[in-house]
1. Sort out which residues of segment 1-29 are open to solvent by less than 40 Å² (accessible area, probe 1.4 Å) and in contact with a Leu (Cβ under 8 Å, 6 or more places away or on another chain), and write them in order of number.
2. Consider segment 151-167. How many of its residues are under 20 Å from M126 (Cβ atoms), open to solvent by less than 60 Å² (accessible area, probe 1.4 Å) and without any contact (Cβ under 8 Å) to a residue 24 or more places away in the chain?
3. I'd like the residue in segment 87-111 that is at pLDDT 85 or above, of a type outside the set (K, R) and in a loop (DSSP other than H, G, I, E, B) and, out of all such residues, is most open to solvent (accessible area, probe 1.4 Å).
4. Identify, by number, the condition in (1) of a type in the set (V, I, T); (2) in contact with a helix residue (DSSP H, G or I) (Cβ under 8 Å, 6 or more places away or on another chain); (3) at pLDDT below 70 that T55 doesn't meet.
5. Taking only segment 117-156 into account, find how many residues are among the basic types (K, R) and not in a loop (DSSP other than H, G, I, E, B).
Amino acid sequence: IDEILVAVGIDAMELSDIDGRMTHNQGCHIWQELVSRSGDPSIGLSLIKFAKPATYDVMGYIGNVSTNVGEALTRGVQYSKILHTGASLTFETDTKNARVTYTLVEPLQPMPMAYNEWVIATILHMFRLNTGVDCEPLKAVFKHPKPKNMDPYHSFFRCPIIFNQPTNEIIFNLD
């Protein structure tokens, strides 16, 4: 980790400052460096297996104290601005489905596809961890082009996956 921080010009001490924030561009550079050093374009999916609710700090806490998934997602949307002021996380339901969407709302440098995949995978991973249900979403949707190797996507999401879309999102059946 220290080597990656040095490579992108971040002092590790800055990250230990409780009031400190990383810029959007710094986050982009970290994810680009992770992909480059690992050689794994889908590293966002690979890293999920190491995550526990505490990994996500406030967002993990929200998931743990919420009485149901809908409440956790509603609260997560409310507090997502703590993590990134230039991104929008939405949670919508209709009579059959629930949809969680992640998009950048400011004209910012696009995040690497590995990060967008990590965000959407995190939603599913937290759902599975907090409920104990190994659910399969209806579909996962990404803005970026379809990657060459689809194995990590099929293995993790276990649902139809659509690429080259206007947003990054995951859709669940309410049943």
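The values are calculated or read from the model by the stated rules, or taken from the named source; none is laboratory data. Keep in mind it's a predicted model, so treat the numbers as computed, not measured. Virtual Cβ from ideal backbone geometry, glycine too; neighbours counted across all protein chains shown. Areas reflect the complete protein model, heavy atoms only, side chains present, ligands, DNA and RNA absent. Shrake-Rupley method; radii C 1.70, N 1.55, O 1.52, S 1.80 Å.
1. Hits for segment 1-29 are I4, L5, H24.
2. Total satisfying the criteria: 2.
3. So the residue we want is T95.
4. (2)
5. 2
Here is a yes/no grid of residues against (1) of a type in the set (S, T, Y); (2) without any contact (Cβ under 8 Å) to a residue 24 or more places away in the chain; (3) under 25 Å from W31 (Cβ atoms):
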{"position": "A87", "(1), (2), (3)": "no, yes, yes"}
{"position": "K96", "(1), (2), (3)": "no, no, no"}
{"position": "P112", "(1), (2), (3)": "no, no, yes"}
{"position": "T122", "(1), (2), (3)": "yes, no, yes"}
{"position": "T131", "(1), (2), (3)": "yes, no, no"}
